[in-house]
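Novice: Attaching a single structure in structure tokens format; questions to follow.
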Amino acid sequence: MFNFSTQALFGQLLVGLINGSFYAILSLGLAIIFGLLNIVNFSHGALYMMGAFMAYFGLTFLGIGYWPALILSPLIVGVFGVVIEVLLLRRLKGLDHLYGLLLTFGLALIIEGLFRNAYGVSGQSYPVPDLLQGGLNLGFMFLPYYRGWVIVAALTVCFAVWFIIERTKLGAYLRAGTENAAIAQALGINVPMLTTLTYGLGVALAAFAGVLAAPIFQVNPVMGSDIVIVVFAVVVIGGMGSIMGSIISGVSLGIIEGFTRLIYPEASAVVIFVIMAIVLLVRPAGLFGKAA
Amino acid sequence: MTTDNALEISGLHAYYGESHVLHGIDIHVRRGELVTLLGRNGSGRSSTIRSIMGLVGRRVGSIRIAGQETIGMPPHRIARLGVGWCPEERGIFSTLSTEENLALPPRARGEGLSIDELFEMFPNLKERRNSPGTKLSGGEQQMLAIARVLRTGADILVLDEITEGLAPVIVKRIGEVVRKLKSLGYTMLLAEQNFVFAAPLADRHYVIEEGHVVMEVAHHELEAKMGKLNELLGV
Ligand SMILES: Nc1ncnc2c1ncn2[C@@H]1O[C@H](COP(=O)(O)OP(=O)(O)O)[C@@H](O)[C@H]1O
Ligand SMILES: [Mg+2]
């Protein structure tokens, strides 16, 4: 059964780490949004796709390269998120979860539909930046520089966000607002603004992941809906709203998925959902979530 | 318009969804005065206080804080006028350490007490500064809730049932703190079940029943009106 080469082992480990990095950064955004807004942001995948497309547009129409795009695209998508929060999501305050879910799902369909209308379902390729062309032969495997960069960049951003939330004053506002928004606001914290900024940050993270993904996967209108289903499973496994939980489960589930592809490829597409089902049976609040 | 009122509520109605819980409350608290809201459970004292903070579903009427109308303001702006609120449920955050809880509210106005001054006033909190806020005992959490609003520079304190469920020694300790705050010139509105605790501290009392103010008693009238009070409070 286990007759695979070290080459294949490390190859899948790398793929697993890459996917895990995307899962981590996307589920982190979902977790902070859910924590404060109580909304399961179904448009997350569409905004990730938009992030990739902003980089693609920048390069194609304006000659803006990868590195500026890595900053500009999350900014643009973040501002788009702020507008959505102020114009639409804010009105759902106090209503059932279901409304937020329906609204963000509808938004995802609209955004994706617009891009499909213009670009079909075929992918546009986006080049690896010059600085990260080529790779390194580690002996047991070949590591393309760009893939190494994606892992480092994604994890750095995840831990930076974790640090801000757990160790700074702004993070204390966010934690307090997440725990009890009414009391936090009556103590003087501008919770409506905090909420808007949190949504903006969450979707900016999705766009950042989208730019990172552009040179690896193709820039494609359906790239978001492909990944977002898995990311929702990751969030359920980690526990809705848990920051460290979403980072750790994102990375480890990516790796588990990679190894499954090695050992029993047929199961690799479902292994995360099987784990989700088991976690839901044993610990419904998720591995890192607090039981309600 | 009297300007020596720190807090002036008139014709206040409050609603939670369909249910109408306050029916035209009129209350005022002068600068530096300590006033209590007495009444049976469910009479509307917390709702009055939550209305001041802008936390009821809907409120109609007038609530002036330091002369400024706040009926249309969001809660964080009301807090920043210098109103410090201790919620009945204390509102200590479990995801924040004791010190983070203490430092959480943004400055309202003026100086406020420093963290060091507060640790001097509440030594227990200093020892437990790194513990999660909700790992503290009930009494410590209450001290933390009081200390937290003193740091912001708020000079109008609205304190909801700060002695509820606490041991007599802690109640006594809180009484000392309240007396000290009064001597420092704070304006206080206190919702209290514990009449024995409130009586010697307060300048005036309002008795609330079913969302109406049914009686107002100044400190010097207490003895004369004791019979009526006992009847209303059921003590
Ligand atoms: N969140 C709420 N939703 C609906 N009704 C409430 C709510 N909070 C309080 N009430 C009702 O309002 C009335 C006044 O309650 P409250 O102000 O808490 O009284 P008190 O603090 O004097 O015990 C009660 O009848 C109570 O049931
Ligand atoms: Mg009450």
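Novice: Suppose we filter segment A:163-173 for residues that are open to solvent by less than 20 Å² (accessible area, probe 1.4 Å) and either facing chain B (nearest Cβ under 7 Å) or not in a helix (DSSP H, G or I) (or both); how many remain?
Specialist: 1
Novice: May I pose another question? If we only count helices (runs of 4 or more DSSP H) wholly inside segment A:187-292, which ones have 3 or more residues that are small (Gly, Ala, Ser)?
Specialist: Ranges flagged: A:191-213, A:223-238, A:243-263.
Novice: Of all residues in segment A:105-138 being touching a Phe, Trp or Tyr at 6+ places or on another chain (Cβ under 7 Å) and assigned to a strand (DSSP E or B), which is most open to solvent (accessible area, probe 1.4 Å)?
Specialist: Filtering first and then ranking leaves A:Leu136.
Novice: Out of A:Ile64, A:Ile84, A:Ile39, A:Ile76, I need the residue that is aliphatic (A, V, I, L, M), touching a residue at least 60 places away in the same chain (Cβ under 8 Å), out of contact with any strand residue (DSSP E or B) (no Cβ under 6 Å at 6 or more places or on another chain) and not in a helix (DSSP H, G or I). Which one?
Specialist: A:Ile39
Novice: What tally of residues in segment B:21-61 results from selecting those that are part of a loop (DSSP other than H, G, I, E, B) and either of a type in the set (A, V, I, L, M, F, W, C) or within 11 Å of ligand 1 (Cβ to nearest atom) (or both)?
Specialist: 10
Novice: Residues of segment B:128-153 being more than 13 Å from chain A (Cβ to nearest Cβ) and in contact with a Phe, Trp or Tyr (Cβ under 9 Å, 6 or more places away or on another chain), which ones?
Specialist: B:Arg129, B:Glu140, B:Met143
Novice: Check segment B:88-102 and report whether any residue there is touching a residue at least 12 places away in the same chain (Cβ under 8 Å), in contact with a strand residue (DSSP E or B) (Cβ under 6 Å, 6 or more places away or on another chain) and within 16 Å of ligand 1 (Cβ to nearest atom).
Specialist: yes
Novice: For segment B:1-43, give me each residue that is in contact with a helix residue (DSSP H, G or I) (Cβ under 8 Å, 6 or more places away or on another chain) and of a type in the set (A, V, I, L, M, F, W, C).
Specialist: Answer for segment B:1-43, where residues must be in contact with a helix residue (DSSP H, G or I) (Cβ under 8 Å, 6 or more places away or on another chain) and of a type in the set (A, V, I, L, M, F, W, C): B:Leu7, B:Ile9, B:Leu12, B:Ala14, B:Val21, B:Leu22, B:Ile25, B:Ile27, B:Leu34, B:Leu37, B:Leu38.
Novice: Which residues, counting only those in segment B:189-204, are within 16 Å of ligand 2 (Cβ to nearest atom) and open to solvent by less than 10 Å² (accessible area, probe 1.4 Å)?
Specialist: Correct list: B:Leu189, B:Leu190, B:Ala191, B:Glu192, B:Ala198.
Residue-wise test of (1) within 14 Å of chain B (Cβ to nearest Cβ); (2) under 23 Å from the mean Cα position of the chain (by Cα); (3) at pLDDT below 95.
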position: A:Ala160; (1), (2), (3): no, yes, no
position: A:Arg175; (1), (2), (3): yes, yes, yes
position: A:Ala184; (1), (2), (3): yes, no, no
position: A:Asn190; (1), (2), (3): yes, no, no
position: A:Thr196; (1), (2), (3): yes, yes, no
position: A:Tyr199; (1), (2), (3): no, yes, no
position: A:Gly202; (1), (2), (3): no, yes, no
position: A:Ala206; (1), (2), (3): no, yes, no
position: A:Ala209; (1), (2), (3): no, yes, no
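Novice: Quick one: in segment B:147-188, of everything that is within 16 Å of ligand 1 (Cβ to nearest atom) and over 17 Å from B:Val29 (Cα atoms), which residue is surrounded by the fewest Cβ atoms within 10 Å (Cβ to Cβ)?
Specialist: B:Gly165
Novice: Suppose we filter segment B:13-27 for residues that are within 16 Å of ligand 2 (Cβ to nearest atom) and under 14 Å from B:Ser43 (Cβ atoms); how many remain?
Specialist: Counting residues in segment B:13-27 that are within 16 Å of ligand 2 (Cβ to nearest atom) and under 14 Å from B:Ser43 (Cβ atoms) gives 5.
Novice: Now, a different point. Do we find that B:Leu144 is open to solvent by less than 30 Å² (accessible area, probe 1.4 Å) and within 16 Å of ligand 2 (Cβ to nearest atom) in this structure?
Specialist: No; evaluated as a whole, the condition is false for this residue.
Novice: Still on this structure, please answer the following. Just a yes or no: is a residue in segment B:62-78 within 11 Å of ligand 1 (Cβ to nearest atom), outside any strand (DSSP E or B) and within 13 Å of chain A (Cβ to nearest Cβ)?
Specialist: no
Novice: Give the number of residues within segment B:46-67 that are modelled with pLDDT under 95 and surrounded by fewer than 20 Cβ atoms within 10 Å (Cβ to Cβ).
Specialist: Residues in segment B:46-67 being modelled with pLDDT under 95 and surrounded by fewer than 20 Cβ atoms within 10 Å (Cβ to Cβ): 4 in total.
Novice: Scanning for something more than 14 Å from chain A (Cβ to nearest Cβ) and among the polar types (S, T, N, Q), does segment B:92-104 turn up at least one residue?
Specialist: no
Novice: Six or more apart or on different chains, Cβ atoms under 8 Å: show the pairs whose first residue is in segment A:259-270 and touching a residue at least 12 places away in the same chain (Cβ under 8 Å) and whose second is among the aliphatic types (A, V, I, L, M).
Specialist: Qualifying pairs under 8 Å: A:Phe259/A:Leu13; A:Arg261/A:Val15; A:Leu262/A:Ala8; A:Leu262/A:Leu9; A:Ile263/A:Met1.
Novice: Given the conditions (1) within 13 Å of ligand 2 (Cβ to nearest atom); (2) out of contact with any His (no Cβ under 7 Å at 6 or more places or on another chain), report the number of the one that B:Thr36 does not fulfil.
Specialist: (2)
Novice: Could you tell me whether any residue of segment B:118-126 is surrounded by 22 or more Cβ atoms within 10 Å (Cβ to Cβ) and facing chain A (nearest Cβ under 10 Å)?
Specialist: No, because not a single residue in segment B:118-126 is surrounded by 22 or more Cβ atoms within 10 Å (Cβ to Cβ) and facing chain A (nearest Cβ under 10 Å).
Novice: Kindly provide the set of residues from segment A:91-130 that are basic (Lys, Arg) and either modelled with pLDDT of 95 or more or under 22 Å from the mean Cα position of the chain (by Cα) (or both), ordered by number.
Specialist: Hit for segment A:91-130 is A:Arg116, nothing else.
Novice: Looking at segment B:127-134, is at least one residue more than 16 Å from ligand 1 (Cβ to nearest atom) and β-branched (Val, Ile, Thr)?
Specialist: Looking for residues that are more than 16 Å from ligand 1 (Cβ to nearest atom) and β-branched (Val, Ile, Thr), one finds at least one in segment B:127-134, hence yes.
Novice: Now a separate question. Are there any pairs, at least 6 apart or on different chains, whose C-beta atoms fall under 7 Å, with the first in segment B:131-145 and touching a residue at least 12 places away in the same chain (Cβ under 8 Å) and the second hydroxyl-bearing (Ser, Thr, Tyr) and assigned to a helix (DSSP H, G or I), and if so, which?
Specialist: B:Ser131/B:Thr98; B:Gly133/B:Thr98; B:Leu136/B:Thr98; B:Leu144/B:Thr98
Novice: While we're here: Looking only at segment B:82-94, how many residues end up being open to solvent by 30 Å² or more (accessible area, probe 1.4 Å) and either within 13 Å of ligand 2 (Cβ to nearest atom) or within 15 Å of the chain's Cα centre (by Cα) (or both)?
Specialist: 3
Novice: Right, here's the next one. All but one of (1) open to solvent by 10 Å² or more (accessible area, probe 1.4 Å); (2) facing chain A (nearest Cβ under 10 Å); (3) away from ligand 2 (no atom under 16 Å from the Cβ) hold for B:Arg30, so report the exception by its number.
Specialist: (2)
The values are calculated or read from the model by the stated rules, or taken from the named source; none is laboratory data. Treat the numbers as computed from the prediction; the structure is a model and nothing was measured. Backbone-built Cβ (ideal geometry, glycine too); neighbour counts: all protein chains shown. Each accessible area value is taken on the protein alone, full model and side chains, heavy atoms only, with ligands, DNA and RNA left out. Shrake-Rupley method; radii C 1.70, N 1.55, O 1.52, S 1.80 Å.
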